[in-house]
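What follows draws every value from the coordinates through simple rules; no lab data is involved. Because the structure is a prediction, the values reported are computed rather than measured. No Cβ is skipped: glycine too gets one built from the backbone with ideal geometry, and neighbour counts run over all protein chains shown.
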Amino acid sequence: MDNHDDNETGIVLTEEQKRRRRARSIAIALSLGALVLLFYVVTIVKLGPGVLRHPPH
Amino acid sequence: MSLVSQSADLVRPGASVAPAEPSLAGVGDYIALLKPRVMSLVVFTALVGLMLAPGHLHPVIGFASLLCIAVGAGASGALNMWYDADIDAMMARTRNRPIPAGRITAGEAMGFGMTLAVGSVAVLGLVANWLAAALLAFTIFFYAVVYSVWLKRSTPQNIVIGGAAGAFPPMIGWAAATGAVSIESVTLFLIIFFWTPPHFWALALVKSDDYARAGIPMLPVVAGRAETRRQIAIYSALLAPLGVAPYLLGFAGAAYGVIAAVSGAAFLALALRLARLGDGPAGDKAAKALFGYSILYLFGLFAALLIENRLLALLGGAGA
């Protein structure tokens, strides 16, 4: 992983800052995953049972 | 949740601007911005509005609507903390909040709050209906702008008018289920609206030094403690019969009516005791007792509405 923060010219994160950034990143990932799941389920519910029925050819 | 602190132009004029440095904010700090305790009452009252509403709402749509209302309430909390960071730093009760404690910058909180506000309103509109979304948007605007920016620092009536923001959730829940505003949802709104002043003024009586230090014109600071106790008694006298209104209007049963009448009378009795005791340790104790009871009262009233409604629905279903 290319981390620009860790080179000598940029901002160097402390271990604590890295740990908290990782926790924030995981929280964002989980939130986005939950949103995807929610939108999927709501879509299925709003479209009703017909969503799985193929249109006649 | 950016790595580097936000630029100064996102910070409210007058607030201190921290130099840009890597963020030390933890996930818990962002959760604290959402005021989870306030959010829990919002979710509960919205749930009651949703469940009491006539007709059938799919549980998934109901859950998604509640989630949007919760996130919208959290967004208001974050925007309130963004604007109030300067006075929060002066009060013992609030100085450890994420912004005054320096764990989150004002700009980060504002960005977080705005993102959640726009997202929650848009999703509620798409999932439920646009009336509920409009009510949620108005609630966020009312709390963040009308209350936090305008009323809180300018008038002792701040929590009377601003209390409307906390009273909207059952109306939003009802609107999410029915697509309409009705006399029932307005009644639930009014109960919380008239509950808010005695609830907050009881706290303000105990914390008036804190509010005075921060320059917030709470009623005990501006009009005095005796006048505050008198106003608490007046609002409690209005609240007690209002609590029974759901029974009188026919959308709650006799069990609720009895619970509301008894608990409302107890509320009024505590308010009158507070007015009688005046200042001193006994008065402070009475104010704390009223504050604690007020939370129990509102929770109990809405829980009674919900439980009775579900029981009657079950019995009605079994009898059909």
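At-a-glance table
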{"item": "Packing-based exposure ordering (other Cβ within 10 Å, fewest first) of B:Met39, B:Met218", "result": "B:Met39, B:Met218"}
{"item": "Sum of side-chain charges, B:Arg229 neighbourhood, beta-carbon under 12 Å (Lys, Arg +1; Asp, Glu -1)", "result": "+1"}
{"item": "Potential extension, B:Lys285-B:Ala134 segment - 0.36 nm per residue separation minus Cα distance", "result": "50.2 nm"}
{"item": "Charge sum, other residues only, whose C-beta stays under 14 Å from B:Arg93's C-beta, Lys/Arg counted +1 and Asp/Glu -1", "result": "+3"}
{"item": "Expected-Rg normalisation [2.2 N^0.38 Å, Cα atoms] applied to the protein assembly as shown", "result": "1.11"}
{"item": "Mean Kyte hydropathy of -1.0 or more with a Cα span along the axis of at least 30 Å, helices from DSSP in chain B", "result": "B:59-83, B:106-127, B:183-206, B:225-248, B:254-277, B:281-319"}
{"item": "Alpha carbon convex hull of region B:191-314, volume per residue in cubic angstrom", "result": "91"}
{"item": "Equivalent ellipsoid, region B:137-268 (semi-axes from 5 times Cα gyration tensor eigenvalues, Å)", "result": "28, 21, 8"}
{"item": "Cβ-based net charge around B:Gly316, under 14 Å, with every Lys or Arg adding one and every Asp or Glu removing one", "result": "0"}
{"item": "Average projected area [Cα convex hull, chain B], square nanometres", "result": "16.6"}
{"item": "Highest-fluctuation residue, B:Ala109, B:Ala303, B:Ala271 considered, GNM on chain B with Cα pairs under 10 Å", "result": "B:Ala303"}
{"item": "Greater than 21 Å apart at Cα, pairs in B:Lys152/B:Lys207; B:Lys152/B:Lys285; A:Lys46/B:Lys35; A:Lys18/B:Lys35", "result": "B:Lys152/B:Lys285; A:Lys46/B:Lys35; A:Lys18/B:Lys35"}
{"item": "Estimated Rh, region B:51-114: Kirkwood, alpha-carbon pairs, angstrom", "result": "13.5"}
